[in-house]
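Participant: Supplied in structure tokens, the structure appears directly below.
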Amino acid sequence: MTSRTVRVRYAPSPTGDFHVGGARTALFNYLFARHHGGRFILRIEDTDRKRYNSQALDWLLEGLRFLGLDWDEGPEVGGAYGPYVQSQRIELYRRHASLLIERGMAYRCFCPPERTEATSPDSEEPGAEPGDSCRCGALSAEESERRASGGAPYAVRFRAPRQGNVTVHDAIRGDITFPNEVLRDAVLLKSDGFPTYHLANVVDDHFMEISHILRGDEWLASLPLHVHLYGAFGWEPPVMAHLPLILNPSGKGKLSKREERAPDGSVRPVFVRQFRELGYLPEALVNFMALLGWSYDDKTEIMSRAELIERFTLERVNPAPAVWNYEKLDHFNGHYIRQLSIEDLAGRLMPFFEAAGYRPSREQLLAVVPLIRERITRLADAPAVANFFFDEELAPYPVEDLIPQKADAAMALAALERARAVLAEVDFRKEAIETALRAEAARLGLKTGQMFQPIRVAVCGRKAAPPLFETLEVVGRDKCLRRIDRAVEKLRSGG
Ligand code: GLU
């Protein structure tokens, strides 16, 4: 750890939806900054105009806010090192490309753009820049000047060393040595005047006084080039830390860039927006993602944001790939759902009920939430679990469900008819309902299960439902009686 103030950045390229791989990178930067009392900076790397997606920035900012990863400097909040959007800093990159030309450390390349710009800045193989056969590096300074002032379009390439090695220290992986012979003369500035990722990233990390770079390990391959660039400018590189890869649940291959289907046909989300829409809580996602490559010890899993901040250090980041485990995330989500107060959970559930077409009052929701919160893993599950509280008519259910095991329709009918009589009279509160229905079961010589199943199915339209007496109370007497009448008819008519 250097003595510099900790300044870290999350530097996404707005090319598409906000993927959880990026969110994990943002989270580690955030936790690291907060742990050290440093600054968490958001920088938008939008210099690849071909891959630019105008919606991506909204998705990103919304996603970061949803996760509670507040940035101290960046778009919408400003800061002393701005602007924080690279397309607004183009002059700075051009000046620095010119500086390297003057120093003989870069040269103008007059090859056609197809040859110089085929590789996107996000390419994972920056060594594989096209133009290997380019001879522009051999042009004299005068010739290069003459062509440029004659208006010939050109890109700027770095004059990469070919001999020797470069050793870089990575805070997670230790020393890594790269042979220089794999380097190519990477494009720094394209002929459209826009910088490539490499130039803009290095220049900005320097001028934004970034102390540590925490980023995905797909950028390891760019590291030797970046280190040479820092050297060419005469700057000290930040501390480097390349985070572990995130694998698919099978443990084979990188976590998909697109949503996929699980073997049971359900959607496997990969974008922050999708997790939000399915009703994953930010608390659960943050806790779960923190464990993708980092651990506190070998047993503690559930940790609050404050605990994560207090405990997060790079020493405990493991370079081995981490597996995205949807079941584990579901488990975390259920845990965090049950941690919420009824009021908080009701407030978070309201939009999900509204999206499903329900308009419950706050009071109704406050009554229903305690009955369903053990039964939902994701907030979006709630309307389907609780629909019978709000629907006027139940969805059709099989008449056989009304008949308990080892019983027949006559018994179910008797149970329902007696239950109806009792429920029509009783003080409609759960304790009184319970006492009355148990007494009635005894009078009929039925086991309580035999008595309760027909009632449950008649009122809820399903065998698995929340605790019966509370449920009856919340559904309300009128609806319960109407539904029991309907079930009696069903049993009489056989369907
Ligand atoms: N713009 C790069 C990205 O989209 C940033 C990589 C880095 O953090 O240096 O991931």
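Participant: Counting only protein heavy atoms, what percent of the accessible surface of the chain is carbon or sulfur at a 1.4 Å probe?
Facilitator: 49 percent
Participant: Filter the cross-link list 406/430; 328/447; 430/490; 430/463; 252/299 down to pairs whose alpha-carbon distance in this structure exceeds 31 Å.
Facilitator: Long pairs (Cα-Cα over 31 Å): 328/447.
Participant: Given a cut-off of 24 Å, what percent of all Cα-Cα pairs of segment 153-259 lie beyond it?
Facilitator: 33 percent
Participant: Next up: Can you give the net charge of the other residues whose Cβ lies under 13 Å from the Cβ of residue 492, counting K and R as +1 and D and E as -1?
Facilitator: It works out to a net charge of -1.
Participant: Go through segment 266-301 and name the trypsin sites (Lys or Arg not before Pro) that are in a DSSP coil and have 16 or fewer other Cβ atoms within 10 Å of their Cβ.
Facilitator: Loop-located and lightly packed - 299.
Participant: Relative contact order, percent, of the chain when contacts are C-alpha pairs under 8 Å separated by at least 6 residues?
Facilitator: 12 percent
Participant: Turning to a different aspect of this structure: Using Cα atoms only, what is the angle between the long axis of helix 223-233 and the major principal axis of the chain, expressed in degrees (0 to 90) to the nearest 10?
Facilitator: The answer is roughly 50 degrees.
Participant: Okay, moving on. Under 18 Å between alpha carbons, and skipping anything fewer than 8 positions from residue 50 in its own chain: which lysines qualify?
Facilitator: Excluding near neighbours in sequence, the set is 190.
Participant: With a cap of 15 neighbouring Cβ atoms within 10 Å, and only residues DSSP puts in a loop, list the trypsin sites (Lys or Arg not before Pro) found in segment 23-78.
Facilitator: Sites meeting the loop and neighbour criteria: 49, 50, 51.
Participant: Taking the Cα centre of the chain as the origin, how large is its charge dipole in debye, to the nearest 20, when only Lys and Arg (+1) and Asp and Glu (-1) carry charge on their Cβ atoms?
Facilitator: That gives the chain a dipole magnitude of about 560 debye.
Participant: Let's see if you can work this out: charge +1 on each Lys and Arg Cβ, -1 on each Asp and Glu Cβ, no other charges. What is the dipole magnitude of segment 385-430 about its Cα centre, in debye to the nearest 20?
Facilitator: Its charge dipole is roughly 280 debye.
Participant: Right, next: Specify which residue in the list 303, 398, 387 is farthest towards the positive end of the charge dipole of the chain, using unit charges on the beta carbon of Lys, Arg (+1) and Asp, Glu (-1), about the Cα centre.
Facilitator: 398
Participant: Need one number: % antiparallel among DSSP beta bridges in the chain, to the nearest 5.
Facilitator: The antiparallel fraction comes to roughly 55 percent.
Participant: Follow-up question, since we're still on this one. Kindly rank 384-390, 476-482 from highest to lowest mean number of other beta carbons found within 10 Å of each residue.
Facilitator: 384-390, 476-482
Participant: Another question about this same structure. As a check on your grasp of the helix formula, calculate [θ] at 222 nm for the chain: sum -39500 (n - 2.57) over DSSP H runs of n ≥ 4, divide by the residue count, round to the nearest 500.
Facilitator: Theoretical 222 nm ellipticity from helices: -13500 deg cm²/dmol.
Participant: Next up: Loop only by DSSP, 13 or fewer other Cβ within 10 Å of the Cβ. Give me the GluC sites (Glu not before Pro) in segment 247-338 that pass, ordered by residue number.
Facilitator: For GluC sites (Glu not before Pro) across segment 247-338 that sit outside H, G, I, E and B with at most 13 neighbouring Cβ atoms in 10 Å, the list reads 259.
Participant: How many percent of all Cα-Cα pairs in segment 263-409 sit more than 22 Å apart?
Facilitator: That tail contains 52 percent of the Cα-Cα pairs.
Participant: Using a 1.4 Å probe, what is the accessible area per residue for the chain, in Å²?
Facilitator: On the way: 22220 Å² over 495 residues.
Dividing the accessible area of the chain by its residue count gives 45 Å².
Participant: Taking every pair of distinct Cα atoms and averaging 1/r, then inverting, what Kirkwood hydrodynamic radius in Å comes out for segment 281-355?
Facilitator: Computed over Cα pairs of segment 281-355, the Kirkwood hydrodynamic radius comes out at 13.7 Å.
Participant: Continuing with the same structure: Plugging the Kirkwood radius over Cα pairs into Stokes-Einstein for the chain, at a temperature of 25 °C and a viscosity of 0.890 mPa s, what D comes out in µm²/s?
Facilitator: For the chosen part, D equals 91 µm²/s.
The values are calculated or read from the model by the stated rules, or taken from the named source; none is laboratory data. It should be emphasised that the depicted structure is a prediction, and the values quoted were computed from it without experimental measurement. All Cβ positions, even for glycine, are placed from backbone atoms using ideal geometry, and neighbour counts span all protein chains on display. To get the accessible areas, we keep the full protein, side chains included, count just its heavy atoms, and leave off ligands, DNA and RNA. Shrake-Rupley method; radii C 1.70, N 1.55, O 1.52, S 1.80 Å.
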